[in-house]
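Trainee: My structure is below; once you've seen it, I'll send some questions.
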Amino acid sequence: MSVTLRHLDAQFLPAWLERSRAEYAKDLVAAGHSPEDAHRQAGESMARSFPSGTPSPGHAVFDVVDDAGETVGYLWIGPDTSDDAGAWWIWDIAIDADKQGRGFGRMAMVLGEEYARARGAHTLGLSVFGFNPGARGLYESLGYETTSVKMRKRLG
């Protein structure tokens, strides 16, 4: 089974923005943020990256599509926030829960790397939450290296 990346149709961008924002807020809560802070932070992040509801220059949102033409997830990729034009970032990737474990995420990552490389990228970074060891294992198996680690201890 293989996948392709298909640019997200502009008519579906508002719904995708809401889905991505909600998933990011949920992950922030799981990482220890208050629900209020998580929703605020997720909303601010999406507003910076999608001013007026459209992607910032160089950013692209793709549907991840399987051989049968079914959308199984999405990938958001674009330049990172540094001054290095060759440094790119996977801003978000998600494979639908019922489609995970079939290699779709791995294939989408490889296609994302090819997309970035074709646009002059010489590095591709991403963030992964500590509570997601499956994703971290995938990224490490693809050659991604840890560049920083945040840690927290509850004092409650």
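Trainee: Looking at the stretch 8-25, is at least one residue outside any helix (DSSP H, G or I) and surrounded by 11 or more Cβ atoms within 10 Å (Cβ to Cβ)? Spell out the reasoning first.
Mentor: Step one: of the stretch 8-25, the residues outside any helix (DSSP H, G or I) are 8-9.
This time we only want the ones that are surrounded by 11 or more Cβ atoms within 10 Å (Cβ to Cβ), so: 8.
Yes, the stretch 8-25 contains at least one residue that is outside any helix (DSSP H, G or I) and surrounded by 11 or more Cβ atoms within 10 Å (Cβ to Cβ).
Trainee: Take the residues of the stretch 95-110 that are surrounded by fewer than 18 Cβ atoms within 10 Å (Cβ to Cβ) and hydrophobic (A, V, I, L, M, F, W, C): which is nearest to PRO57 (Cα to Cα)?
Mentor: VAL110
Trainee: Here are some residues: ARG152, ARG106, ARG117, ARG102. Which one is within 26 Å of ASP67 (Cα to Cα) and assigned to a loop (DSSP other than H, G, I, E, B)? Step through it out loud before you land on a result.
Mentor: Numbers: ARG152 fails: within 26 Å of ASP67 (Cα to Cα); ARG106 fails: assigned to a loop (DSSP other than H, G, I, E, B); ARG117 fails: assigned to a loop (DSSP other than H, G, I, E, B).
Only one candidate qualifies: ARG102.
Trainee: For the stretch 12-32, what are the residues that are touching a residue at least 40 places away in the same chain (Cβ under 8 Å) and among the β-branched types (Val, Ile, Thr)?
Mentor: none
Trainee: Got at least one residue in the stretch 63-85 being part of a helix (DSSP H, G or I), at negative phi and free of Cβ contacts under 8 Å to residues at least 40 places away in the same chain?
Mentor: Residues of the stretch 63-85 that are part of a helix (DSSP H, G or I), as a first pass: none.
No, the conditions are met nowhere in the stretch 63-85.
Trainee: In this structure, is VAL72 in contact with a helix residue (DSSP H, G or I) (Cβ under 6 Å, 6 or more places away or on another chain), modelled with pLDDT of 95 or more and within 29 Å of GLY143 (Cβ to Cβ)? So that I can check it myself, show each step before the final result.
Mentor: Details: in contact with a helix residue (DSSP H, G or I) (Cβ under 6 Å, 6 or more places away or on another chain): yes; modelled with pLDDT of 95 or more: yes; within 29 Å of GLY143 (Cβ to Cβ): yes.
So VAL72 fits the description; yes.
Trainee: SER56 is checked against (1) surrounded by 15 or more Cβ atoms within 10 Å (Cβ to Cβ); (2) in contact with a Ser or Thr (Cβ under 8 Å, 6 or more places away or on another chain) and fails just one. What number does that condition carry?
Mentor: (1)
The values are calculated or read from the model by the stated rules, or taken from the named source; none is laboratory data. None of these values were measured; they are calculated from a predicted model. Here the Cβ is made from the backbone with ideal geometry for all residues, glycine too, and neighbour counts use every protein chain on show.
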